[in-house]
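The values are calculated or read from the model by the stated rules, or taken from the named source; none is laboratory data. Please read these numbers as outputs of a predicted model, since none were measured by experiment. Here the Cβ is made from the backbone with ideal geometry for all residues, glycine too, and neighbour counts use every protein chain on show.
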């Protein structure tokens, strides 16, 4: 990415902020924790993911040796939360509180050391551990007076975005509202999208303030007019329902020599992909896989991952995508909870996957 960014400002009105503060106090938590929980819910609802890591800066002056040192010392924490859409926000807040307190307890661990220990796949296009930052700037305003000249605070224009999204909340002491500054990567978002995102977040916050026992999966993120438009908008003439396998097979029949996949120097036509997926589908069927079964796909994005999806749909089963970089406990939960019958993977990541199900390595099937 180019790292170009822009910033937009919004306000949370005093009544909403006070309601959230009161709710947080009733549950022995803080306004930050309530705001963090609401943002995690929004990101989960909009992305379809339930594993939501959010970064936050924290003062890095914990050591007494730094008391007399001039300079800015800031560390970064990663607040990782698993969102259960059936859970009430009250219960979610209890877990958010524990996540945040655990992170603050280990705030002295240098962020670089954490990155080295986790060893995520690195890319210049994204931050290694999170893409969304949440920060509170609620320090007392500093006044500076000099003899003669008038001095005032001027915010520098922000034209760089170090993250996909950065939310900075600060108190407006004149109005009592809370200001939200949203810095966003212009390669990914535009002003209209950010405006929509913020209004959805405010709607989540208002729903929580009105009824904190509401299941987070039922919080309405759309405006009434948006929902009505989605439900009433006329679309193209109805067509007979079809399956994903049939759609892909039809595409292969219409233009078999067209390029279907280009990845990391590899290239496959629709005909080649169709033939390879047929062989894999027959193998799955021979192993008893069919309708009502679930097959896990534990591999990074690749030619093989597309091949696996097509073959599984041809067998009549459903596929469960699993990121092999997930913690072992999470992968175990996913395969166990889904009752996956079998898994497809590749040799390069097989060692990361638990033996809760039988994994077939695609690059060894023809050997």
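Tabulated data
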| quantity | calculated |
| --- | --- |
| Matching residues, region 184-204, being assigned to a strand (DSSP E or B) and touching a helix residue (DSSP H, G or I) at 6+ places or on another chain (Cβ under 6 Å) | 184 |
| Single residue of region 152-178 satisfying the filter (assigned to a loop (DSSP other than H, G, I, E, B) and under 19 Å from the mean Cα position of the chain (by Cα)) that is modelled with the highest pLDDT | 164 |
| Filter result for residue 66 (more than 15 Å from residue 134 (Cβ to Cβ), at pLDDT below 80 and surrounded by fewer than 17 Cβ atoms within 10 Å (Cβ to Cβ)) | yes |
| Check on residue 320, in contact with a helix residue (DSSP H, G or I) (Cβ under 7 Å, 6 or more places away or on another chain) and under 22 Å from residue 269 (Cβ atoms) | no |
| Where residue 333 falls short, out of the listed (1) surrounded by 14 or more Cβ atoms within 10 Å (Cβ to Cβ); (2) over 21 Å from the mean Cα position of the chain (by Cα); (3) not in a loop (DSSP other than H, G, I, E, B) | (2) |
| Test: residue in region 291-313 that is closer than 26 Å to residue 118 by Cβ, assigned to a helix (DSSP H, G or I), within 25 Å of the chain's Cα centre (by Cα) and assigned by TED's automatic domain parsing to the domain that holds residue 259 | yes |
| Flag if residue 181 is out of contact with any strand residue (DSSP E or B) (no Cβ under 7 Å at 6 or more places or on another chain) and either assigned to a helix (DSSP H, G or I) or in the same structural domain as residue 131 (by TED's automatic domain parsing) (or both) | no |
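For every residue, the table says whether it meets (1) modelled with pLDDT of 95 or more; (2) part of a helix (DSSP H, G or I); (3) out of contact with any helix residue (DSSP H, G or I) (no Cβ under 7 Å at 6 or more places or on another chain); (4) not assigned by TED's automatic domain parsing to the domain that holds residue 161.
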residue: 15; (1), (2), (3), (4): no, yes, yes, no
residue: 44; (1), (2), (3), (4): no, yes, yes, no
residue: 53; (1), (2), (3), (4): no, no, yes, no
residue: 76; (1), (2), (3), (4): no, no, no, no
residue: 98; (1), (2), (3), (4): no, yes, yes, no
residue: 103; (1), (2), (3), (4): no, yes, yes, no
